[in-house]
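These notes concern the structure reproduced below.
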Amino acid sequence: MPPWPSVEQRYRLLYKPVVFAASLAPAVLLAAGAFNLLGQSLGPDPVARLLHACGKTALNFLLITLLVTPARQLAGLTHLIRLRRMLGLFALFYAATHFLVYLILDQQLDLHAVLEDITKRPYITIGFTALLMLVPLGITSTQGMMRRLGRRWAQLHRLIYLAAILGVWHYYWQVKRDVREPLLYAGMLAVLLGYRILTRWRARRRLTSRSGSATAPGRI
């Protein structure tokens with residue numbers, strides 16, 4: 001009987017391909033709808049549908065990427081960290097696709113109109129800023145860049161928190177009437193960021209407690 005695959009082998013040969021296929025599925029479905037394949041349709045306003053779907057999917061992947069660390073720590077799934085890079089890159093992919101749909105299909109490559117929107121419409125300004133923050137994170141996501149940047153790598157990749165905040169803010173300002181869904185995203189993001197703040201605060205308290213115990217005078 002062949003030996004049971006190790007956790008590393010399962011992640012490389014099973015989990016990663018499955019997550020990759022699931023992450024690509026929204027793009028495949030949107031492409032099928034754009035070309036009226038498989039009975040799919042994007043409705044009477046396909047550009048608006050593409051813009052909304054790509055932007056929302058980018059937000060979903062940002063939140064899922066931020067969920068990896070709490071899930072890994074709370075559930076003890078240490079190897080889950082192997083999927084974080086892929087999820088982050090898909091967040092960048094869908095955010096970039098969101099912008100390209102706006103640039104090419106909505107604005108017809110009118111760069112003057114695009115620049116005017118970026119500078120004069122606040123919700124587009126913060127959305128574009130969030131995209132710009134994700135680009136260096138994608139470029140430096142490799143193991144080689146992690147080794148080259150050292151501690152600066154972790155500092156740089158904290159931009160994902162600000163990018164996620166700006167992304168939710170962009171979504172909230174874009175919605176004109178029913179803001180329940182953007183507020184739901186804001187609530188989920190607050191929980192994910194609050195968890196990080198709490199764990200770091202606890203870690204600092206433990207460190208302070210240990211250092212205080214080490215320097216306290218011994219009892220006779």
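Bear in mind these aren't lab numbers, they're just calculated from the coordinates by the rules spelled out. What you see is a predicted model, and the numbers here were worked out from it, not measured in a lab. Reconstructed Cβ throughout: ideal geometry from the backbone, glycine too, with neighbour counts over all protein chains shown.
At 0.36 nm per residue, minus the direct Cα-Cα distance, what do residue 155 and residue 74 gain on full extension? Give it in nm, one decimal, please.
That pair, residue 155 and residue 74, stretches by 26.8 nm at full extension.
Classify the stretch 92-186 as rounded, prolate or oblate from the Cα gyration tensor: take a ≥ b ≥ c as the square roots of its eigenvalues, call it rounded if a/c is under 1.5, otherwise prolate when a/b beats b/c and oblate if not.
oblate
Hydropathy at least 0.0 by Kyte-Doolittle, axial extent at least 30 angstrom from the Cα trace: which helices of the chain, defined as entire DSSP H runs, fit?
Qualifying helices: 46-75.
Would you compute, from DSSP H runs of 4+ residues alone, the mean residue ellipticity of the chain at 222 nm, taking -39500 (n - 2.57) per run and dividing by the full residue count, rounded to the nearest 500?
Result for the chain, helices only: -25000 deg cm²/dmol.
At R0 = 35 Å, how high is the FRET efficiency between residue 145 and residue 175 if r is their beta carbon distance? Nearest 0.05 is fine.
Working from the Cβ atoms, E equals 0.45.
Would you mind telling me which residue in 55, 88, 33 has the biggest mean-square fluctuation in a Gaussian network model of the chain, where springs connect alpha carbons within a distance under 10 angstrom?
Comparing 55, 88, 33 in the GNM, the peak value goes to 33.
Determine the shape class of the stretch 1-150: with a ≥ b ≥ c the square roots of the Cα gyration tensor eigenvalues, call it rounded for a/c under 1.5, and otherwise prolate if a/b is greater than b/c, oblate otherwise.
It is oblate, given that a/c is not under 1.5 and a/b is not larger than b/c.
Sorted by average packing, counted as other Cβ atoms within 10 angstrom per residue and highest first, what order do 153-162, 168-177 take?
168-177, 153-162
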